[in-house]
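**Student:** I'd like to ask you about the structure that follows.
Please treat every number below as a calculation from the coordinates, not as lab data. Quick caveat, the model's predicted, so the values are computed rather than measured. With ideal geometry, Cβ positions are generated from the backbone for all residues, glycine too; neighbour counts draw on all protein chains shown.
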Amino acid sequence: MAIRPIIRFPNAALGKSAETVSRFDIDLRSLVDDLTATMRAAPGIGITGPHIGVLQRVTVIELDRQAGPRIFVNPQIVWHSKETTRHSEGSVSMPGVTEEVERPGSVRVRYQTISGETVEEEASGLMAVCLQHEIDQLDGIFWIRRLSRLKRERAVKRFEKLT
């Protein structure tokens, strides 16, 4: 497990879509281990391959350290609720800045496990927020693009003052 450097906003790589993972091998397991170590060191509760410059559709989410990390390979949202929720979001690529984002309250996600098995599950609450946030990142949509123009500009200015 290695802690890798995290790409910082406004790096253009954060706006690129990640490629589908097709090889479920030792390299993928190593990437997941590095993502987990990097996320914990950041600290954060979610991270994707693109956050460390690896354009592969892999995300690790850990809401509870005792429960351990959840690994989602090639995740995609196949359904979302009409009801929405607001939650404070941020990014390991823009540390120190958070803002409320409105998203669907529940989602159904199809993904593959680290061994390649296809799984579909529903999530709500914080897990639904995290899945949507990280899948956006895998699609090249950095979280502040979900904000109004005014809130986005304020978030960028706050981050610039921190760096």
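**Student:** So for the chain, averaging the separation of alpha carbon pairs under 8 Å that are six or more residues apart and normalising by length, what relative contact order in percent results? Walk me through the numbers before you get to the answer.
**Tutor:** Working: 308 pairs, mean separation 38.4, N = 163.
Across the chain, relative contact order equals 24 percent.
**Student:** So, one more: Quick check: the distance between the Cα centres of segment 1-73 and segment 89-162, to the nearest angstrom?
**Tutor:** Using only Cα atoms to place each centre, the spacing works out to 13 Å.
**Student:** Find, among the trypsin sites (Lys or Arg not before Pro) in segment 19-123, those assigned to loop by DSSP (not H, G, I, E, B) with at most 15 other beta-carbon atoms within 10 angstrom. Present the calculation step by step, with values, prior to reporting the outcome.
**Tutor:** Values: sites: ARG23, ARG29, ARG40, ARG57, ARG65, ARG70, LYS82, ARG86, ARG108, ARG110; in loops: ARG23, ARG57, ARG65, LYS82.
Sparse-neighbourhood loop trypsin sites (Lys or Arg not before Pro): ARG23, ARG65, LYS82.
**Student:** Restricting things to alpha carbons, tell me how big segment 12-162 is in terms of Rg and Dmax, in Å.
**Tutor:** Cα-based Rg and Dmax for segment 12-162 come out at 14.9, 44 Å.
**Student:** Please identify every one of the GluC sites (Glu not before Pro) in segment 1-89 that sits in a loop by DSSP and has no more than 16 other beta carbons within 10 Å of its own beta carbon. Please list the in-between numbers first.
**Tutor:** Working: sites: GLU19, GLU62, GLU83, GLU89; in loops: GLU62, GLU83.
For GluC sites (Glu not before Pro) across segment 1-89 that sit outside H, G, I, E and B with at most 16 neighbouring Cβ atoms in 10 Å, the list reads GLU83.
**Student:** Would you list which lysines come within 22 Å of LYS161, measuring only between C-alpha atoms, while excluding same-chain residues fewer than 8 positions from it?
**Tutor:** The reachable lysines, counting only those whose Cα sits under 22 Å from LYS161, are LYS151.
**Student:** Something else now. Would you mind computing Rg(Cα) / (2.2 N^0.38 Å) for segment 1-96, counting N as its residues? Mind showing how you got there, number by number?
**Tutor:** Numbers: Rg = 13.8 Å, N = 96, 2.2 N^0.38 = 12.5 Å.
With N residues counted in segment 1-96, Rg over 2.2 N^0.38 Å equals 1.10.
**Student:** Given a 10 angstrom Cα cut-off, can you work out which residue in LEU147, LEU35, LEU14 is the most mobile in a GNM of the chain?
**Tutor:** Looking only at LEU147, LEU35, LEU14, the largest GNM fluctuation is found for LEU147.
**Student:** Here's something else I'd like to know. If you build the convex hull over the alpha carbons only and average its shadow over all orientations, what do you get for segment 96-154? Give it in nm² to one decimal. Could the numbers behind the result be given before it?
**Tutor:** Details: hull surface 20.0 nm².
Averaging across all directions leaves 5.0 nm² for the Cα convex hull.
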